[in-house]
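Visitor: Below you'll find the structure I mean.
Bear in mind these aren't lab numbers, they're just calculated from the coordinates by the rules spelled out. This one's a predicted model, so the numbers in the text were calculated from it and none came from an experiment. In this analysis, Cβ positions are derived from the backbone assuming ideal geometry, glycine residues included, and neighbour counts consider all displayed protein chains.
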Amino acid sequence: MGHGVESFGDNSVAASRRLSTLARHLEASSMAESENVGLRRSLTSGFDGDSVFAHVVKAPEDPILGVTIAYNKDPSPVKLNLGVGAYRTEEGKPLVLNVVRRAEQLLINDRQAKLSVLVSRVKEYLPIVGLAEFNKLSAKLMFGEDSPAIRKNRVTTVQCLSGTGSLRVGGEFLARHYHQKTIYIPQPTWGNHPKVFTLAGLSVKTYRYYDPATRGLNFKGLLEDLDSAPSGAIVLLHACAHNPTGVDPTPEQWEKIRQLMRSRKLMPFFDSAYQGFASGSLDVDAQAVRMFVADGGECLVAQSYAKNMGLYGERVGALSIVCNAADVASRVESQLKLVIRPMYSNPPIHGASIVATILRDKNMFNEWTVELKAMADRIITMRQKLFDALRARGTPGDWSHIIKQIGMFTFTGLNKEQVAFMTKEYHIYMTSDGRISMAGLSSKTVPHLADAIHAAVTRLS
Ligand SMILES: Cc1ncc(COP(=O)(O)O)c(C=O)c1O
């Protein structure tokens, strides 16, 4: 090492080491480059400018994510995005919960991260089924603190990539190991359901769910369709806050659905993307699932922390399969690993560590429930404000479904033409089925939306 380098101290030594490493890499890659040129030239005509992918046609945008793309292109200062399924504050800003920030701080400061308690400060691989403590706590959150199914080890829970990944892993497990390959999904449902289950290897059919005439549940149609489904068929049920309709069965209706499904040996697959977000209570929103688990029967549950903890981009969720015996659950888990390993190997560590940090600590858990309730309450307030604003304008029609529906979305009943009109004239963006995200509204924007709905309904009825 020369005199000049030494006189600049440790930093310079490190910098010069980095430089020589970089030089070594560059040498190696330029050698490889020159060796490859001849090979590439001789391979395909693609080298001359014609792409071997030239025939690939442009795919349409995802109908939900496409709304945001169109919104982003609109320069209007009054534009409003009600398509996005993510919570926004009164100021229209994305929200990171305080308790999540606190958990992240704890994880960063944790200098004694033990190997036995894997936290995200240790950037190691998780096991195929994810963070063990996260799985245990997620099952408790879903099935209840003193769930007999958990106590008897009848439940296997694996960490997956948010709700979507949990649905996909569950779907593929069923396609491989369950005797019935048909899944019935509600009509309508979240747009990704049919694609996820088809690609998982299941055949997708629908059951009647929503009645446009009442803007409520078509309970009779639902029961008839489930009654005529083949014995053993899988049935996708939204655990709460049905997306896109915001229409949930009452507890009494759930009980009838349970009885029918058990008597016809239909397999429940719950999609729980909004626990706590619908009513503001984690327990109330888990009631339908717990009703099915309490009868001792089997079912699947896909859980997401995207909405209720605001962890959208962390992709943190869980799939639970409730079996009728502990040894079955353990064999099922061994097969879930075979589904997951070639799909994405193992799940990400950071989001699951945040969730586990919050769920394991009583104070943090309570803080979370307060913040969660505040989000749910703000949405409920927006429902009331929009309803009042339409009433004040004398907008034709019965808008009581706005306050009756539950969760993030209102299925307004506006048709395609009315939606297009509102986008063109009022710069309000939503999916073409008339679904609006109540979470994207604020006291300030309600009058603008009410004006737009009023104009759309009176001009294009
Ligand atoms: C009904 C339903 N299921 C599942 C999901 C999946 O969400 P994520 O994969 O972000 O957890 C969503 C998201 O909007 C949803 O509305």
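Visitor: Could you tell me what % of all Cα pairs in the range 263-381 have separations over 22 Å?
Guide: Of all Cα-Cα distances in the range 263-381, 45 percent exceed 22 Å.
Visitor: Mind putting together the pair-distance distribution for the range 318-450? All Cα pairs, 5 Å bins, whole percent per bin, short to long.
Guide: 2, 8, 12, 13, 12, 8, 10, 11, 10, 7, 4, 1, 0
Visitor: Let me check I've understood the local charge: for ALA278, count other residues with C-beta under 9 angstrom from its C-beta, Lys and Arg +1, Asp and Glu -1. What total comes out?
Guide: Overall, the nearby charge balance is -2.
Visitor: Could you give the length gained by full extension between LYS152 and HIS179, i.e. 0.36 nm per residue of separation minus their alpha carbon distance, to one decimal place?
Guide: Separation in residues times 0.36 nm, less the Cα-Cα distance, equals 7.2 nm.
Visitor: Looking at the chain, send over the antiparallel percent of its DSSP beta bridges, to the nearest 5.
Guide: Taking every DSSP beta bridge within the chain, about 50 percent pair in antiparallel fashion.
Visitor: Report, as a whole number in µm² per second, the diffusion coefficient that Stokes-Einstein gives for the range 223-276 at 37 °C and 0.692 mPa s using the Kirkwood radius over alpha carbon pairs.
Guide: The estimated diffusion coefficient comes to 279 µm²/s.
Visitor: What ranking do TRP254, TRP368 get, fewest neighbouring Cβ atoms within 10 angstrom at the top?
Guide: TRP254, TRP368
Visitor: A follow-up question, please. What is the Å³ per residue value for the convex hull set by the Cα atoms of the range 172-259?
Guide: Dividing the Cα hull volume of the range 172-259 by its residue count gives 94 Å³.
Visitor: Within a 10 angstrom radius of the beta carbon, how do CYS240, CYS323, CYS160 rank from fewest other beta carbons to most?
Guide: Least crowded to most crowded, the residues run CYS323, CYS240, CYS160.
Visitor: Pairs of Cα atoms under 8 Å, at least six residues apart: use those to get the relative contact order of the chain, whole percent.
Guide: 22 percent.
Visitor: Turning to a different aspect of this structure: For an R0 of 30 angstrom, estimate the FRET efficiency from the Cβ-Cβ distance between THR250 and PHE365 and round to the nearest 0.05.
Guide: That pair, THR250 with PHE365, gives E of 0.55.
Visitor: Tell me the Kirkwood radius of the chain: reciprocal of the mean inverse pair distance over distinct alpha-carbon atoms, in Å.
Guide: 24.8
Visitor: Under the √(5λ) rule applied to the eigenvalues of the Cα gyration tensor, what semi-axes describe the equivalent ellipsoid of the range 126-219? Give them in Å, descending.
Guide: Working through the eigenvalues yields semi-axes of 28, 19, 13 Å.
Visitor: What translational diffusion coefficient, to the nearest whole µm²/s, does the range 50-191 have by Stokes-Einstein, given a Kirkwood radius computed over alpha-carbon pairs, a temperature of 4 °C and 1.567 mPa s viscosity?
Guide: The calculation lands on 63 µm²/s.
Visitor: Provide the FRET efficiency to the nearest 0.05 for the ARG459-LEU65 pair, computing r from the beta carbons and using R0 = 30 Å.
Guide: The formula returns an efficiency of 0.55 here.
Visitor: Before rounding to the nearest 500, sum -39500 (n - 2.57) across all DSSP H runs of length at least 4 in the chain and divide by the residue total; then give [θ] at 222 nm in deg cm²/dmol.
Guide: Computed mean residue ellipticity for the chain: -15000 deg cm²/dmol.
Visitor: Cα to Cα, under 15 Å, and not fewer than 8 places away if on the same chain: which aspartates and glutamates meet these conditions relative to LYS220?
Guide: Correct list for LYS220: ASP211, ASP248, GLU252, GLU255.
Visitor: For LYS424, give me every one of the aspartates and glutamates with a C-alpha distance below 15 angstrom, ignoring sequence neighbours fewer than eight places off in its own chain.
Guide: Within the straight-line cut-off, LYS424 pairs with ASP74, ASP451.
Visitor: Give the separation of the Cα centroids, the range 176-210 to the range 237-252, in Å.
Guide: 17
Visitor: Going Cα to Cα from LYS337, which lysines come in below 27 Å? Please leave out same-chain ones fewer than 8 positions away.
Guide: LYS114, LYS123, LYS136, LYS140, LYS152, LYS181, LYS195, LYS265, LYS307
Visitor: With the contact rule set at Cα under 8 Å and sequence spacing of 6 or more, what percent relative contact order holds for the range 260-345?
Guide: 24
Visitor: Could you please report the charge total around LYS424, scoring K, R as +1 and D, E as -1 over all other residues with beta-carbon less than 15 angstrom from its beta-carbon?
Guide: 0
Visitor: Now a separate question. Taking the number of other C-beta atoms within 10 Å as the exposure measure, put PHE134, PHE219 in order starting with the fewest.
Guide: By the 10 Å Cβ count, ascending: PHE219, PHE134.
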